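A.B. asks: First the structure, which I've put down as structure tokens, then a few questions once you've had a look.
The values are calculated or read from the model by the stated rules, or taken from the named source; none is laboratory data. Bear in mind that the values here come from a model prediction, so they are computed numbers and not experimental data. Note: ideal-geometry Cβ built from the backbone for every residue, glycine included; neighbour counts use all protein chains shown. What goes into the accessible areas is simple: the full protein's heavy atoms, side chains included, and nothing from ligands, DNA or RNA. Shrake-Rupley method; radii C 1.70, N 1.55, O 1.52, S 1.80 Å.
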Amino acid sequence: MPDAVRNLRVLMMVLGGMQAVLGLALVTNSVAVATSLWGEGDADTPCCTTPGEDHAGMVVFAGLLVLGVAAWGVTTALKFPTRHQALRVSAFVYGWTALPFSWAFFQVMPLLGFACLVPAILAIVRPNQPESRAWFDQQPT
């Protein structure tokens with residue numbers, strides 16, 4: 001496996017790990033996240049419910065979606081030794097999909113956003129390098 005492909009594989013696993021942490025945080029802290037987004041209840045809010053509790057299901061859904069995208073990236077990276085051409089395309093598309101997550105990390109902590117942005121951009125560029133293309137075009141013997 002060439003260095004460019006090996007580096008892409010590591011980058012995709014790092015991105016998948018960061019997204020998995022974000023997804024787990026959204027799922028486990030859904031009420032707190034929803035309350036911070038939609039605010040506390042006011043005088044017009046019914047008795048035993050708050051807007052955060054009402055919208056917690058949407059936050060859990062978003063967390064599960066993030067976990068699914070993280071699993072896609074890690075699974076694609078783990079299948080690289082099979083050299084399927086579709087894996088190179090999947091890595092490229094995953095890089096584009098990982099870009100919005102850098103914005104989510106940037107909202108939490110700007111340094112963390114930049115730490116996610118750089119691997120996402122590299123995950124877009126690396127699959128299209130000539131040595132990566134050549135490696136994925138060859139069939140294993």
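A.B. asks: Could you check H84 against (1) in contact (Cβ under 8 Å) with a residue 24 or more places away in the chain; (2) surrounded by fewer than 18 Cβ atoms within 10 Å (Cβ to Cβ); (3) within 24 Å of V21 (Cα to Cα) and say which number it fails?
C.D. replies: So the condition that H84 fails would be (3).
A.B. asks: Hey, among the residues in region 51-81 that are among the β-branched types (V, I, T) and modelled with pLDDT of 90 or more, which one's surrounded by the fewest Cβ atoms within 10 Å (Cβ to Cβ)?
C.D. replies: Within region 51-81, the subset among the β-branched types (V, I, T) is 59-60, 66, 69, 74-76.
Keeping just the survivors that are modelled with pLDDT of 90 or more gives 69, 74-76.
Numbers: V69: 21, V74: 20, T75: 14, T76: 23.
Only one residue fits best here, namely T75.
A.B. asks: Can you tell me which residue within region 94-134, out of those that are part of a helix (DSSP H, G or I), within 18 Å of R6 (Cα to Cα) and of a type in the set (S, T, N, Q), is most open to solvent (accessible area, probe 1.4 Å)?
C.D. replies: N128
A.B. asks: Being more than 18 Å from L117 (Cβ to Cβ), modelled with pLDDT under 90 and of a type outside the set (A, V, I, L, M) is the filter; apply it to region 1-22 and report the residue that is most open to solvent (accessible area, probe 1.4 Å).
C.D. replies: By that ranking, first place goes to D3.
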